[in-house]
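Let me begin by presenting the structure, written as structure tokens, before commenting on it.
The values are calculated or read from the model by the stated rules, or taken from the named source; none is laboratory data. All of these numbers come straight from a predicted model, not from anything done at the bench. Cβ sites come from the backbone with ideal geometry, for glycine too, and all protein chains shown count toward neighbours.
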Amino acid sequence: MNVSHFSTADSSLSPTAQATLLLTSYFSKASSESAKPLTNSEWGRFALWLKEKSTTPADLLVSDPKALLQGWHDARISAERIIELLNRGHSLALAMEKWQRAGLWVVTRSDPEYPRRFKQRLKTDSPPVLFGCGNKALLNAGGLAVIGSRNANASDLAFTDQVGAKAAKEGIAIVSGGARGVDEAAMLGAMKQGGVVIGVMADSLLKAAISSKWRKGLMDGHAVLVSPFYPEAGFSAGNAMARNKYIYCLADSSLVIHSGKKGGTLNGAEENLKKAWVPTWVKQTTDKDAANADLVAKGGHWLEADTQAFKVADLMSNECDRESQVKEPMGDLFSMPDPPELFAEVKSIPAPESEPEKEFVKPGTKSVVNEKQANIDADSERGVEREAALLASVDFYQLFVSELQRLADKPVTVDEMIECTQLHKSQITEWLKRAVDDEIVKKLNRPVRYQVKNKK
């Protein structure tokens, strides 16, 4: 493997980060890649298998990883594909050199800066790699997600600018997508007042990193731009749609300015309402072609009519909404401490401070994350070795069996178990078959369900 060529490009990247990049990232246009990097779901399956073997991605960085891949079987991910991806060390080195010259960095799930909210809310679907520029620490700052159309009218854009300015004055970060229209208006509105912005880019991160539009915020430490996609990727409707969930999952609350009857804004808001990641506030509108009222009917909440008087902090601290929308997932199989490079979970996200201005220091300083946050990140780093030691003693099938005692107390379908555990269907099916053979559960038909055997 040509991994040694990479080691000189950036010694700050850990072996785990190198392996994760090799397995999951593009280093050139997709059409020129001979082997397709693993998707999020594919990486989730492979990483879980590695975890069960007490193996890390870094262990694969050997001259011949075939022996380590013995026993791996997947219809879509062959061992040959994995080996071909790992053999791209030279391409990785060249790409990293280019990206670093533009000020880009890489964060993987093994890094303490990786967003805790992603790990909690998305679990195995959280992106294995994030490319970014600016202040990494802001990835865990939370804030208000502001979402809306690229083609919003002048009135909506003016209001969005005010929201950004209000958030800045109240010490609350703006999370948005960096696109033309509402996204840009919210972020620039905050930046003009010295506020903090977190942009989740669907395309062209490399260009954004050197754009004059974001330069001041990036230089001041008040902005971070991040993307789970190839930094040189052009616009893709698929990436734009996929990006929406990351905006919500980095925030503590959300505000939809304007949604059309179809498109990314609507789909993203509906997904947030369904998954209950964060509360959904909706701006009132008289536009008959808008889907704002539809979102409220599905569980969103109207922003008060007096849009001049409202405080952003009120959208962040509505405990009633938080209780009704933000629920911990049932039966999280990985609620125990796990190695952060794979599936480290965060049991809860601290509620926003009652005085938001304490979250950030005065504009112009480099550090804008509060001391509490820094302590949390430090604790995370110190716990890695302890968690890894714990992992070595864990039998994940037995953990699954113990979870079944609760999940299958009454007949339960495979889909219901997937929803509760966030495991891949193939893994669930394999363990259920084993549990039936071990006479732990019984299989019921019409429809197919499972129930622990000692239950009537």
Conditions: (1) farther than 21 Å from residue 100 by Cβ; (2) part of a strand (DSSP E or B). Residue 224 meets all but one. Number of the miss?
(1)
Scope the stretch 407-454; condition over 22 Å from residue 121 (Cβ atoms) and either touching a Gly at 6+ places or on another chain (Cβ under 8 Å) or assigned to a helix (DSSP H, G or I) (or both); matching residues
414, 426, 429, 430, 431, 432, 433, 434, 435, 436, 437
Read through the list (1) touching a residue at least 60 places away in the same chain (Cβ under 8 Å); (2) closer than 13 Å to residue 198 by Cα, then give the number of the only condition that residue 124 fails.
(2)
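So if I check each of 213, 207, which one is in the same structural domain as residue 146 (by TED's automatic domain parsing), of a type in the set (Lys, Arg) and in contact with a helix residue (DSSP H, G or I) (Cβ under 8 Å, 6 or more places away or on another chain)?
On the way: 207 fails: in contact with a helix residue (DSSP H, G or I) (Cβ under 8 Å, 6 or more places away or on another chain).
On inspection, the qualifying residue turns out to be 213.
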Could you tell me whether any residue of the stretch 173-192 is within 30 Å of residue 124 (Cα to Cα), touching a residue at least 60 places away in the same chain (Cβ under 8 Å), of a type in the set (Ser, Thr, Tyr) and in contact with a strand residue (DSSP E or B) (Cβ under 7 Å, 6 or more places away or on another chain)?
yes
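When you look at residue 50, is it touching a residue at least 60 places away in the same chain (Cβ under 8 Å) and in a helix (DSSP H, G or I), yes or no?
Details: touching a residue at least 60 places away in the same chain (Cβ under 8 Å): yes; in a helix (DSSP H, G or I): yes.
Spelling it out, residue 50 is indeed touching a residue at least 60 places away in the same chain (Cβ under 8 Å) and in a helix (DSSP H, G or I).
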(1) outside any loop (DSSP other than H, G, I, E, B); (2) closer than 19 Å to residue 41 by Cα: which one isn't true of residue 99, the others all being true?
(2)
Of the conditions (1) part of a helix (DSSP H, G or I); (2) at positive phi, the single one that residue 160 does not satisfy is (2)
Name the single residue, out of those in the stretch 56-71 being assigned to a loop (DSSP other than H, G, I, E, B) and surrounded by 15 or more Cβ atoms within 10 Å (Cβ to Cβ), that is modelled with the lowest pLDDT.
56
Unmet requirement for residue 72, which otherwise passes all of (1) over 18 Å from the mean Cα position of the chain (by Cα); (2) within 12 Å of residue 88 (Cβ to Cβ):
(2)
Does the stretch 236-252 contain at least one residue that is at pLDDT below 95 and in a loop (DSSP other than H, G, I, E, B)?
yes
What number goes with the only condition from (1) part of a loop (DSSP other than H, G, I, E, B); (2) crowded, with 24+ Cβ neighbours inside 10 Å; (3) touching a residue at least 60 places away in the same chain (Cβ under 8 Å) that residue 147 does not pass?
(1)
Scan (1) more than 20 Å from residue 203 (Cα to Cα); (2) surrounded by fewer than 18 Cβ atoms within 10 Å (Cβ to Cβ); (3) modelled with pLDDT under 95 for the single condition residue 303 breaks and write down its number.
(2)
For the structure I just gave you, tell me whether residue 132 is within 17 Å of the chain's Cα centre (by Cα), modelled with pLDDT of 95 or more and closer than 17 Å to residue 202 by Cβ.
yes
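Suppose the filter is of a type in the set (Gly, Ala, Ser) and at pLDDT 90 or above; does residue 12 pass it?
no
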